[in-house]
Each structure stands twice: as structure tokens, then as C-alpha cells.
Amino acid sequence: TVEDLVEAGVAAADARKVVSAAAVPDAEPADTASEDKPAPESKQIPERLCCPISLELMERPVIAADGHTYDRSSIEDWLARGNTTSPTTGAKLEHLHLADNHLVRSMVSEYQDSLTSR
């Protein structure tokens with residue numbers, strides 16, 4: 001529930017997004033082979049380009065100490081709330097340094113370009 005996620009340190013707005021995304025009625029299991037590829041003409045963003053915190057397309061992807069990529073604003077907000085653990089794994093972060101993820105940034109740019117060229 002939203003309350004459980006908030007108690008675990010997730011921002012209320014993010015918790016509501018997670019719960020509403022998980023509450024899709026009668027959802028079919030995703031085909032893992034096409035998990036990252038949206039259906040033709042679909043507005044769905046490939047999962048690998050979404051921040052695991054905000055669940056939105058990453059604008060400024062960075063790599064945290066856990067090896068996972070997050071949108072800079074989302075992970076900075078997470079850390080500013082006093083969290084020192086990975087939002088993905090829950091493990092303690094060895095450091096709080098964030099490094100730009102240039103590969104994911106270029107993947108996001110290519111994805112955005114593909115939307116405008118349709």
C-alpha cells in the first residue's frame with residue numbers, strides 16, 4: 001500500500017505512482033523478450049529508460065554506488081531525505097557520489113528522436 005511504501009522511505013507521490021502502476025486490473029504478464037520495446041505507435045516508455053524511483057523517462061541519468069541508474073533529481077531527492085541506502089536494493093550505499101551515465105543519456109536521446117521522426 002501507499003502507507004507501507006511511505007513508511008519504508010518512499011516519497012508519498014512516488015508511492016502513489018508505484019501503487020497505481022501495480023494496480024492495473026486484468027493485466028497480462030509482460031512478454032520478457034519484448035519488455036523494453038514498446039508496441040508500434042505505443043506511448044509506453046521502454047522500462048530501461050525509466051528511473052526506478054520516479055518511473056518516468058530519465059532526463060539526467062546518473063549511476064549511484066549500487067550500480068543502478070537513476071534520474072539525478074530523483075536520487076538527489078532520495079538522498080536529501082536522509083536515505084543512505086539503495087532505493088532499488090535497500091543495501092547501504094558505500095558512498096553518495098553520483099556519476100553521469102552518458103550511455104543511458106544517449107539512449108534517451110535516441111528514443112526521443114525516434115518519437116519525433118514518426
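The values are calculated or read from the model by the stated rules, or taken from the named source; none is laboratory data. Values in this document were obtained by computation on a predicted structure and should not be read as measured data. Reconstructed Cβ throughout: ideal geometry from the backbone, glycine too, with neighbour counts over all protein chains shown. Calculation scope for accessible area: heavy atoms of the full protein, side chains included, ligands and nucleic acids excluded. Shrake-Rupley method; radii C 1.70, N 1.55, O 1.52, S 1.80 Å.
Across the protein chains, with a 1.4 Å probe defining accessible surface, the residues Leu98, Leu103 rank Leu103, Leu98 from largest area downward. The largest accessible area among Ser109, Ser73, Ser86 belongs to the first residue in Ser73, Ser109, Ser86, and the rest follow in falling order (1.4 Å probe, all chains).
Considering only Asn101, Leu49, Ser86, the residue lying farthest towards the positive end of the dipole of the stretch 42-118 is Leu49, judged by Cα position with unit charges set on Cβ. Note on His102 and Leu55: the model spin-label points, each 7 Å out from Cα along the C-beta direction, lie 3.3 nm apart.
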